[in-house]
Amino acid sequence: MQITITRTTTPKAKPDWKNLGFGKYFTDHMFVMDYTDGIGWHDARIVPYAPFALDPATMCLHYAQETFEGMKAYRHEDGSISLFRPLENIRRLNNSDKRLCIPALDEEDVLQAIRELVKVDADWVPTDYETSLYIRPFVFATDIGVGVHPSHTYKFVIILSPVGAYYPEGVNPVKIYVEDEYTRASIGGTGFTKAAANYAISLAAQEKAQALGYTQVLWLDSVEKKYVEEVGTMNVAFKINGTVITPALGGSILPGITRKSMVELLKYWGHPVEERKLSIDELIEAAQNGTLEEAFGTGTAAVISPIGELYYEGKTYTINNFKTGPLTQKIYDALTGIQWGKTEDPFGWVVPLETK
Ligand SMILES: *Cc1c(COP(=O)(O)O)cnc(C)c1O
């Protein structure tokens, strides 16, 4: 794929690298490519980061035909920059797009676009351990008109954001509200996709949990409100009686790459791990009888987020004395060690980038 590059003539001042937070700053450039029915994807370009002018009747603004991805570029100690399992993200984007009637992207073209964009903005990849360059590819419908049908035109865009350590004071457990009113996704719907609309419909529950003093919600299935699904926008896992249990992917759960890596890591270590249905009753019983040893969420942004407390039907349950469990910490250290090139990568997950 031929990518034309137009460099900015007015580079931005870099943010304070010690106070990046998450998703607040954007780099000097972005990647843009258009789709037109009958032509396909065309006009791949890297241009200065800038607003889009959108007609008020642009379809994505009305019917949310939009998908996205989230991945990171990591700076290693020797100055080199790497990605983590990028093809997993690219394939998932195409799976999301298929569900939303958005035309497929060529996997190699997307990887090339990411490589070239990160290369152009390489001086935006922060250097401190646990900081990274967050990569946000997204696709949206650009037809003009308010009829409901799949768009005939789209834009594929990649923007980059330097992000700080998710836990500047170290990994700390969070309090989670088991949501028994709202649901996130149903089988046959879009739960397995990173469709923008999924996040809009999750906000009310998040707001409710936060008003009650909880960081996030634990979602239950939408049919019986019986089975555990995810925690906020992360996958979830529990160590019960020595075995790590994570809900099986059944169409309503987002197939997280951190989740997949955690499962593969545990198998590599020979640690018992199960992907299966887990009912809230089984989980609460384990919390009551002391066999619920550890709990954590998994996702690209935080990598591993320990859970210290669950609230369900009027009662609170503390997990591991509200401390990060030893296995949770071990998984966090192993994954971040591989991602930031501190430890060896026996899986071939790390994909180095050329930056010169
Ligand atoms: C992105 C996301 C995850 C985590 O996926 P990763 O590939 O590990 O980042 C989990 N659940 C939801 C709902 C998500 O959007």
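Only one residue in L133, L111 is in contact (Cβ under 8 Å) with a residue 60 or more places away in the chain and open to solvent by less than 30 Å² (accessible area, probe 1.4 Å). Which one?
L133
Can you name every residue in the stretch 248-291 that is part of a helix (DSSP H, G or I) and within 11 Å of the ligand (Cβ to nearest atom)?
Scanning the stretch 248-291 gives I257, T258, R259, K260, S261, M262.
Would you mind telling me which numbered condition in (1) farther than 21 Å from R7 by Cα; (2) of a type outside the set (K, R); (3) surrounded by fewer than 19 Cβ atoms within 10 Å (Cβ to Cβ) M59 fails?
Unmet for M59, out of (1) farther than 21 Å from R7 by Cα; (2) of a type outside the set (K, R); (3) surrounded by fewer than 19 Cβ atoms within 10 Å (Cβ to Cβ): (3).
Going by what's in this entry, would T67 be described as of a type outside the set (A, V, I, L, M) and either surrounded by fewer than 16 Cβ atoms within 10 Å (Cβ to Cβ) or in contact with a Gly (Cβ under 6 Å, 6 or more places away or on another chain) (or both)?
Against the criterion (of a type outside the set (A, V, I, L, M) and either surrounded by fewer than 16 Cβ atoms within 10 Å (Cβ to Cβ) or in contact with a Gly (Cβ under 6 Å, 6 or more places away or on another chain) (or both)), T67 does not qualify.
Looking at V217, is it at pLDDT 95 or above, farther than 24 Å from L100 by Cα, touching a His at 6+ places or on another chain (Cβ under 9 Å) and not in a loop (DSSP other than H, G, I, E, B)?
No; evaluated as a whole, the condition is false for this residue.
Listed here are the residues, each with its yes/no results for (1) touching a Phe, Trp or Tyr at 6+ places or on another chain (Cβ under 7 Å); (2) within 18 Å of H29 (Cα to Cα); (3) modelled with pLDDT under 95.
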site: P86; (1), (2), (3): no, no, no
site: L93; (1), (2), (3): no, no, no
site: I135; (1), (2), (3): no, yes, no
site: T142; (1), (2), (3): yes, no, no
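So I338 fits all but one of (1) part of a strand (DSSP E or B); (2) over 29 Å from K226 (Cβ atoms); (3) β-branched (V, I, T); what number is the exception?
(1)
Under the condition of being farther than 15 Å from T298 by Cβ, touching a helix residue (DSSP H, G or I) at 6+ places or on another chain (Cβ under 9 Å) and charged (D, E, K, R), which residue from the stretch 221-247 is farthest from the ligand (Cβ to nearest atom)?
Among those that are farther than 15 Å from T298 by Cβ, touching a helix residue (DSSP H, G or I) at 6+ places or on another chain (Cβ under 9 Å) and charged (D, E, K, R), it is K226.
Considering only residues that are at pLDDT 95 or above and aromatic (F, W, Y), look in the stretch 167-193 and name the one that is most open to solvent (accessible area, probe 1.4 Å).
Checked the stretch 167-193; the qualifying residue most open to solvent (accessible area, probe 1.4 Å) is Y182.
Right, G164: away from the ligand (no atom under 13 Å from the Cβ), buried (at least 17 other Cβ atoms within 10 Å of the Cβ) and modelled with pLDDT under 95 or not?
Here the answer is yes, as G164 does meet what is asked.
List the residue pairs whose Cβ atoms are under 9 Å apart, where the first residue sits in the stretch 1-20 and is in a loop (DSSP other than H, G, I, E, B), the second is open to solvent by 70 Å² or more (accessible area, probe 1.4 Å) and at pLDDT below 95, and the two are 6 or more positions apart or on different chains.
Going by the 9 Å Cβ cut-off, the qualifying pairs are W17/T127; K18/P168; N19/P168.
Any residue that is over 30 Å from G299 (Cβ atoms), at pLDDT 95 or above and exposed (fewer than 12 other Cβ atoms within 10 Å of the Cβ) - is there at least one of those in the stretch 14-37?
no
Among (1) open to solvent by less than 10 Å² (accessible area, probe 1.4 Å); (2) within 17 Å of the chain's Cα centre (by Cα), which single condition is T328 missing?
Condition not satisfied by T328: (2).
Would you check which residues across the stretch 221-234 are open to solvent by 70 Å² or more (accessible area, probe 1.4 Å) and either in contact with a Gly (Cβ under 9 Å, 6 or more places away or on another chain) or among the hydroxyl-bearing types (S, T, Y) (or both) and list them?
Of everything in the stretch 221-234, just one residue is open to solvent by 70 Å² or more (accessible area, probe 1.4 Å) and either in contact with a Gly (Cβ under 9 Å, 6 or more places away or on another chain) or among the hydroxyl-bearing types (S, T, Y) (or both), namely T233.
State the number of residues belonging to the stretch 187-201 that are within 10 Å of the ligand (Cβ to nearest atom) and either under 19 Å from F140 (Cβ atoms) or assigned to a helix (DSSP H, G or I) (or both).
Of the residues in that region, 5 qualify.
Taking the residues in the stretch 76-94 that are out of contact with any helix residue (DSSP H, G or I) (no Cβ under 9 Å at 6 or more places or on another chain) and under 23 Å from A301 (Cβ atoms) as candidates, determine which candidate is surrounded by the fewest Cβ atoms within 10 Å (Cβ to Cβ).
Only one residue fits best here, namely E77.
Filter the stretch 206-220 down to the residues that are under 20 Å from the mean Cα position of the chain (by Cα), buried (at least 21 other Cβ atoms within 10 Å of the Cβ) and more than 9 Å from the ligand (Cβ to nearest atom) and list them by number.
Q216, V217, L218, L220
Taking V244 and the conditions (1) more than 25 Å from E88 (Cα to Cα); (2) within 23 Å of the chain's Cα centre (by Cα), which numbered condition does it fall short on, given that it satisfies the others?
V244 satisfies all of (1) more than 25 Å from E88 (Cα to Cα); (2) within 23 Å of the chain's Cα centre (by Cα) except (1).
Can A302 be described as aliphatic (A, V, I, L, M), in contact (Cβ under 8 Å) with a residue 24 or more places away in the chain and within 14 Å of the ligand (Cβ to nearest atom)?
Considered against the rule, which asks whether it is aliphatic (A, V, I, L, M), in contact (Cβ under 8 Å) with a residue 24 or more places away in the chain and within 14 Å of the ligand (Cβ to nearest atom), A302 comes out as yes.
The values are calculated or read from the model by the stated rules, or taken from the named source; none is laboratory data. Keep in mind that this is a model prediction, so the values were computed, not measured. Methodologically, a virtual Cβ is constructed for each residue, glycine included, from the backbone with ideal geometry; neighbour enumeration extends over all protein chains shown. To get the accessible areas, we keep the full protein, side chains included, count just its heavy atoms, and leave off ligands, DNA and RNA. Shrake-Rupley method; radii C 1.70, N 1.55, O 1.52, S 1.80 Å.
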